[in-house]
Amino acid sequence: MIQIVLGLLERDGQILLVGYHTAPGQPEQWTTPGGLVEPGEDLVSALVREVQEEAGLAVAAVSHLAYAVQIQRPTELVTAWAFVVGAWHGDGVINDPDGDISHAEFTPIELALARTQAITWPSMRESLHSYLRGELAPGTLLLYREHADPSDQTCIQRLPAQPSPA
């Protein structure tokens, strides 16, 4: 099983996005800071590490689980945990050991929706967009099934953290 953490840092109606290039000469891509949970690492430690590496910010407090996405791929299960970071500090100096991240910036929500439209996995793009539009209750679990291609994913169920009032 693969686990991924995502940091959602919001300030004054803007969300933090990181820019990266998938290959030389390709257009810049945008996403929230995050990445793979390393073996033996807990989710919060991975989140703190990824935000520090990709955005140069030290997480002081994790507020809550915004949403989780589970993707049943043909050969593996991937779970992405998106956490709202409630407090942070730092100088914003990127220290990405992979060298993928070119910069990080707080972005107005409407622009963030446009910039993240190019996220190739529908599960990651759709869940982030639903969150940014206020359409997901905190802690919602989204279940996806991937078909032959990673860009061909179908949401098969949304499970709220709490049942809807009758």
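Any read-out appearing in this document is the output of simple, stated calculations on the displayed coordinates, not a laboratory observation. Keep in mind the model is a prediction, meaning the values are calculated, not measured. Positions of Cβ are backbone-derived with ideal geometry, glycine not excepted, and every protein chain shown enters the neighbour counts.
Net charge around Asp152, counting only other residues with Cβ within less than 10 Å of its Cβ (Lys, Arg = +1; Asp, Glu = -1)?
-1
Take every DSSP beta bridge whose two residues both sit in the chain, then give the antiparallel share in percent to the nearest 5. If you can, show how the numbers build up before the last one.
Details: 34 of 47 bridges.
Given both bridge residues lie in the chain, the antiparallel proportion sits at roughly 70 percent.
By counting other Cβ atoms within 10 Å of each Cβ, how are Ser45, Ser127 ranked from fewest to most?
Fewest-to-most ranking of Ser45, Ser127: Ser45, Ser127.
Which entry is the computed Kirkwood radius over Cα pairs in Å for this structure: [x] 16.3; [y] 17.9; [z] 17.5?
For Kirkwood radius over Cα pairs in Å, the calculated option is [x].
Is it possible to state the helix-based mean residue ellipticity at 222 nm for the chain, with each DSSP H run of 4+ residues giving -39500 (n - 2.57), the sum divided by total residues, to the nearest 500 deg cm²/dmol? What is it? Could you put the intermediate results ahead of the total?
Details: 3 runs with 31 residues, N = 166.
Helix contribution divided over all residues of the chain: -5500 deg cm²/dmol.
Placing +1 at every Lys and Arg Cβ and -1 at every Asp and Glu Cβ, with all other atoms neutral, what dipole size does the stretch 2-159 have around its Cα centre, in debye to the nearest 20?
Charge dipole, the stretch 2-159, about its Cα centre: 500 debye, nearest 20.
Can you give the FRET efficiency for Gln14 and Asn95, using 1/(1 + (r/R0)^6), R0 = 22 Å, r = Cβ-Cβ distance, to the nearest 0.05? Present the calculation step by step, with values, prior to reporting the outcome.
Values: r = 22 Å, r/R0 = 1.02.
Calculated value: 0.50.
In whole percent, what relative contact order does the chain give with Cα contacts below 8 Å and a gap of six or more residues?
26
If one computes the Cα centroid of the stretch 1-38 and of the stretch 89-161, what distance in Å separates the two points?
Using only Cα atoms to place each centre, the spacing works out to 8 Å.
Taking loop as defined by DSSP and a crowding limit of 13 other beta carbons within 10 Å, which GluC sites (Glu not before Pro) in the stretch 52-110 fit?
Here the sparse-neighbourhood loop sites are Glu76.
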